[in-house]
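Colleague: Got a structure here, written out as structure tokens. Questions coming.
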Amino acid sequence: MPYDENYAKYIDHTVLKIGTSLETVKRFCDEAKEYHFASVCVNPCNIAFVANELKGSGVKTCCTIGFPLGQNTTKMKAYEATEAIENGAEEIDMVINVGRLKDKDYDYVRNEIKAVVDVCHPNVLLKVIIETCELTDEEKVKACELAKEAGADFVKTSTGFGKGGATVHDVRLMKETVGPDMKVKASTGINNRVICDEMIEAGAVRMGTSKGIYIVKDELPE
């Protein structure tokens, strides 16, 4: 079936649900290689397996950190990222401590991001998940500013475990905040080409989705 390779570069092929089997993870890896997606995004326990499956394919191995609640300590997030990289992660998607952000403990949030930046750079990309569905616009802007100050590469909308996902409004706001030096990843609810196009127009350059095949084929999910 024909597909549009131009969309493949946007897709982080994501498989993070509880109870995910290695058989399912392997299928996602095979699909990512077939369609030349940007990455396969998995939980830490699956990183070594995924890195081996994707070796030499050009598809990156992406790992979630502090996922999905972001309530781990800073030291634990840094250690988790360190182990993931040792196991083959080439990109890290870390969840901030939303509670500390709401407390206006901005030094805490900045410092935890910086701790993971220090582990990742210069060789591994860091995407910072701010869980937009839990934040006011003012808090979204502040979270993006803190991620930028800490030296992260991306800000990302959502874990997929919250009460909402990416919106055009949030992606546009995040991109306006971080400017040209950082990138935006939209995640959750991106299930078809129309939504993907809207996110790209708003400023996203990655999409966290399990529906990437439908997007590149311009089909509706079953």
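Colleague: Under 13 Å from the 7 Å Cα→Cβ point of F161, by amide nitrogen: which residues of the stretch 84-109?
Modeller: 94-98
Colleague: Can you give the net charge of the other residues whose Cβ lies under 12 Å from the Cβ of E5, counting K and R as +1 and D and E as -1? Present the calculation step by step, with values, prior to reporting the outcome.
Modeller: Working: positive: K9, K217; negative: D4, E34.
Its environment carries a net charge of 0.
Colleague: Tell me whether the chain comes out rounded, prolate or oblate; compute the Cα gyration tensor, take square roots of the eigenvalues as a ≥ b ≥ c, and use a/c under 1.5 as the rounded threshold. Intermediate results must be reported in sequence, preceding the final value.
Modeller: Values: a/c = 1.79, a/b = 1.24, b/c = 1.44.
Taking the square roots of the gyration eigenvalues as a ≥ b ≥ c, the chain is oblate.
Colleague: First check a/c for the stretch 6-86, with a ≥ b ≥ c the square roots of the eigenvalues of its C-alpha gyration tensor; if it is under 1.5, answer rounded, and if not, answer prolate when a/b is larger than b/c or oblate otherwise.
Modeller: Values: a/c = 1.87, a/b = 1.77, b/c = 1.06.
Verdict is prolate for the stretch 6-86.
Colleague: If you don't mind, another one. Fully extended, how many nm does the chain gain between K26 and K55 (0.36 nm per residue separation, minus their Cα-Cα distance)?
Modeller: 9.2 nm
Colleague: Roughly what would the spin-label model give for C45 and H121, points 7 Å off Cα along C-beta, in nm?
Modeller: 3.3 nm
Colleague: Using θ = phi - 60° and the Karplus form 6.51 cos²θ - 1.76 cosθ + 1.60, what ³J(HN,Hα) does each residue of the stretch 101-118 get, whole Hz, x for Gly and Pro?
Modeller: 4, 5, 6, 6, 8, 5, 4, 4, 5, 4, 5, 5, 5, 4, 4, 7, 3, 4
Colleague: With a/c under 1.5 counting as rounded, go ahead and sort the stretch 131-179 into rounded, prolate or oblate using the C-alpha gyration tensor (a ≥ b ≥ c being the square roots of the eigenvalues; past the cut-off, prolate if a/b is larger than b/c, else oblate).
Modeller: prolate
Colleague: From Cα pairs below 8 angstrom and at least 6 apart in sequence, can you work out the relative contact order of the chain, rounded to a whole percent?
Modeller: Reported as a whole number, the value is 18 percent.
Colleague: Kindly flag which residue pairs out of K114/K211; K17/K102; K33/K211; K60/K102; K77/K185; K9/K163 have an alpha-carbon separation exceeding 22 Å in this structure.
Modeller: Going by Cα-Cα distance, K114/K211; K17/K102; K60/K102; K9/K163 fall outside the 22 Å limit.
Colleague: Related question: Going by average Cβ density within 10 Å per residue, which order do the peptides 211-217, 174-180, 101-107 take, highest to lowest?
Modeller: Descending packing order for the listed peptides: 211-217, 174-180, 101-107.
Readers should treat all values here as calculations from the given coordinates under stated rules, not as data from a laboratory. Only a predicted model underlies this, so the values are computations on that prediction, with no experimental measurement involved. Glycine gets a Cβ as well: all are built from the backbone with ideal geometry, and neighbour counts include every protein chain shown.
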